[in-house]
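Student: Just dropping this structure here.
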Amino acid sequence: MNASNKTSSQSLWVAIFLLGTYAAACHAEASGGAPTARSTYPGGTVTPLPINHKLTATFSEAMDVSTINGYSFTVTAPGEAAVIGAVSLDRASRTAIFKPSSHFGSNTLYTATVTTAAKNTSGVALASAHAWSFTSAAAIDTDAPIVSSTNPVSSVKGFARNGSISAEFNETLDPVTVNPTSFTLTDGTTPVAGAVIYGGSTVTFKPTDNLAANTVYTATLKTAVSDLAVPANALADDYVWTFTTGAAVASGPAAVDLRSAGDLVILSKTGITNVPASNITGNIGASPITAAAMGNVSCAEITGTIYGADAAYIGSGDVTCFAGTAPDNTRVANAVLDMGTAYADAAGRTLPDHTELHAGDISGKTLYPGLYKWSSNVLISTDVTLSGGPNDVWIFQIAGDLTQADSSRIVLAGGAQAKNIYWQVGGGTSVALGTNAHFEGVILAAKGITIKTGTTVNGRLLAHTAVTLQQNVVAEPAP
């Protein structure tokens with residue numbers, strides 16, 4: 001080959017390589033990037049898994065069913081052969097299910113792994129393997145799942161016509177059993193069209209169209225709904241409740257489903273510190289850190305229960321408000337998982353109504369229902385008013401930190417409710433509320449939440465690191 005031909009050949013191969021690289025990049029971009037395992041069951045909690053349970057991994061996007069198999073979803077134990085089982089994909093919920101061919105061994109540490117062999121429907125693999133560990137129990141699960149709460153609650157009146165209906169269970173469900181046949185909504189005898197959304201221990205019915213005004217509806221969860229046991233434990237009886245709509249359609253985006261994280265007024269992964277005396281109304285918890293990391297919140301300061309990842313809470317010597325048994329450990333661990341799901345939901349909302357409003361300084365402003373997005377920090381130095389109706393929703397997506405100045409207030413007007421206000425804060429410090437301030441809404445923080453002396457909060461403090469209190473009043477919002 002002469003020099004000219006060699007150069008031309010090299011140029012051709014470079015062009016082909018660059019074209020291939022560009023095509024791969026475009027392909028990845030078009031598919032939204034690499035998929036992730038958004039949540040798993042079990043979630044790596046300290047509570048032993050019943051030996052007759054399946055495992056699940058729920059993905060961030062639709063997956064290629066041909067790649068969800070025994071090569072991409074494995075289960076192992078130290079010194080033992082890989083666990084034999086069948087792997088399937090529930091496409092509706094984007095959940096992979098591992099069903100062991102026999103019971104797990106008792107009191108054994110296992111590691112489940114979703115490997116990079118798992119790909120989405122665009123052919124993009126997980127960026128890295130996702131592994132989690134759990135310990136098996138010595139007993140099988142024969143208990144039927146139980147509905148622990150619903151939204152709306154039974155017999156409520158004035159429910160927003162564009163609201164979603166949901167139910168929270170006391171354990172994770174089998175996604176295959178959660179569908180429009182097992183969860184129905186009717187107007188008298190007429191079925192309502194809608195989508196049924198699986199969320200682990202939460203199921204949601206989202207109507208296709210707005211519900212009729214001033215109408216009684218009946219929601220039904222049927223006995224086809226079951227848990228992840230083998231054989232499955234089904235709902236003992238159909239669970240039925242009714243509610244009545246109002247005339248209003250809620251403004252703003254759909255509410256963020258907190259799932260079981262909404263059972264706590266303060267939730268943290270790395271502890272809750274406190275300069276006494278604070279006054280807390282609602283349950284609090286921390287996981288996976290030891291319950292000792294909540295030790296300076298005393299039972300005298302809380303109207304509610306302290307849930308821990310273990311039994312190490314001591315407090316001031318009074319532990320009557322503490323719950324640290326195995327089911328309690330599971331409860332707070334699941335709440336932390338649900339907090340992560342809720343954070344991802346709030347952060348992932350698209351088509352904001354307002355972008356970079358007031359360059360992040362909303363001091364003295366009145367904000368109406370909607371989706372707000374900032375790539376910067378957000379500052380509240382003087383009173384901010386949130387004006388809207390009782391069913392209206394605000395979601396604030398803040399890429400930086402949220403800082404509220406001393407003695408400033410968030411004021412609700414027009415019937416706006418704290419339970420419908422969500423502050424998703426992704427900054428490296430996250431949230432700092434100054435002294436003698438007043439805050440309204442649910443904080444979903446990627447890092448910590450620090451509250452200075454005398455500040456009051458009507459809402460929830462849900463943090464992926466620590467929550468720090470200093471003689472504060474914190475109360476969960478009205479339902």
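Every number in this text was worked out from the coordinates using simple rules, so none of it is lab data. None of these values were measured; they are calculated from a predicted model. We place every Cβ from the backbone using ideal geometry, glycine too, and count neighbours over all the protein chains shown.
Student: Please sort 201-210, 248-257 by packing, taking for each peptide the average over its residues of neighbouring beta carbons within 10 angstrom, highest first.
Tutor: On the way: 201-210: 17.1, 248-257: 19.6.
Highest to lowest by the protection proxy: 248-257, 201-210.
Student: With the convex hull built on the Cα atoms of region 147-245, state its orientation-averaged projected area in nm².
Tutor: Mean projected area of the Cα convex hull: 5.6 nm².
Student: Still on this structure, I have one more. Mind sorting out which of [x] 0.97; [y] 1.15; [z] 1.07 is the real Cα Rg over 2.2 N^0.38 Å computed from the coordinates?
Tutor: From the options [x] 0.97; [y] 1.15; [z] 1.07, the structure gives [z].
Student: Rg and Dmax of region 380-479, using alpha carbons, in Å: what are they?
Tutor: 12.4, 34
Student: Quick one: dipole size for the chain, taken about the Cα centre, charges +1 on Lys/Arg Cβ and -1 on Asp/Glu Cβ, in debye to the nearest 20. Working shown, then result.
Tutor: On the way: 22 positive and 32 negative charges, 163 e Å.
The dipole of the chain has a size of about 780 debye.
Student: Taking neighbour counts of Cβ atoms within 10 Å as a proxy for exposure, in what order, fewest first, do TYR307, TYR198 appear? It would help to have the intermediate numbers written out before the result.
Tutor: Working: TYR307 28, TYR198 24.
By the 10 Å Cβ count, ascending, the order reads TYR198, TYR307.
Student: Dipole size in debye (nearest 20) for region 147-245 around its Cα centre, Lys and Arg Cβ +1, Asp and Glu Cβ -1? Write out the running numbers ahead of the final one.
Tutor: Working: 4 positive and 8 negative charges, 69 e Å.
Charge dipole of region 147-245: 340 debye, to the nearest 20.
Student: Let me ask something else. Choose one of SER376, VAL256, GLY340: the residue whose Cα lies farthest towards the positive end of the charge dipole of the chain (beta-carbon charges +1 Lys, Arg; -1 Asp, Glu; about the Cα centre).
Tutor: Towards the positive end, the residue furthest out is SER376.
Student: What's the exposure ranking of SER133, SER182, SER287, going from fewest to most Cβ atoms within 10 Å?
Tutor: On the way: SER133 12, SER182 21, SER287 29.
Lowest count first: SER133, SER182, SER287.
Student: Here's another thing I want to ask about it. Taking the Cβ of each residue in LEU412, LEU211 as the centre, tally the other Cβ atoms inside 10 Å and list the residues starting with the fewest.
Tutor: Details: LEU412 19, LEU211 22.
The fewest-first ordering by Cβ neighbours comes to LEU412, LEU211.
Student: Right, another one. Take peptides 240-246, 433-439 and line them up by average Cβ neighbours within 10 Å, highest first, as a rough protection proxy.
Tutor: Values: 240-246: 18.0, 433-439: 20.0.
Descending mean neighbour count gives 433-439, 240-246.
Student: When averaged across all projection directions, what area in nm² does the alpha-carbon convex hull of region 48-153 cover? Could the numbers behind the result be given before it?
Tutor: Numbers: hull surface 33.2 nm².
Taking a quarter of the hull surface, the average projection is 8.3 nm².
Student: Tabulate in residue order the Karplus-calculated ³J(HN,Hα) for region 385-392, using 6.51 cos²θ - 1.76 cosθ + 1.60 with θ = phi - 60°, rounded to whole Hz; enter x for Gly and Pro.
Tutor: Ordered by residue, 3J(HN,Hα) equals 10, 10, 10, x, x, x, 10, 6 Hz.
Student: Of LYS157/LYS365; LYS206/LYS419; LYS269/LYS419, which pairs sit farther than 25 Å apart, going by alpha carbon to alpha carbon?
Tutor: LYS157/LYS365, as the Cα separations exceed 25 Å there.
Student: Sticking with this structure for a sec: With both bridge residues required to lie in the chain, what share of the DSSP beta bridges run antiparallel, to the nearest 5%?
Tutor: 45
Student: How high is the relative contact order of the chain, given as a whole-number percent (alpha carbon pairs under 8 Å, six or more residues apart)?
Tutor: After rounding, I find 10 percent.
Student: Residue-wise, which Karplus ³J(HN,Hα) couplings in Hz belong to region 447-455, taking 6.51 cos²θ - 1.76 cosθ + 1.60, θ = phi - 60°, and x for glycine or proline?
Tutor: 10, x, 10, 10, 10, 8, 4, x, 7
Student: Mind pulling up the Rg/Rh value for region 259-475? Radius of gyration and Kirkwood radius, both on Cα.
Tutor: 0.97
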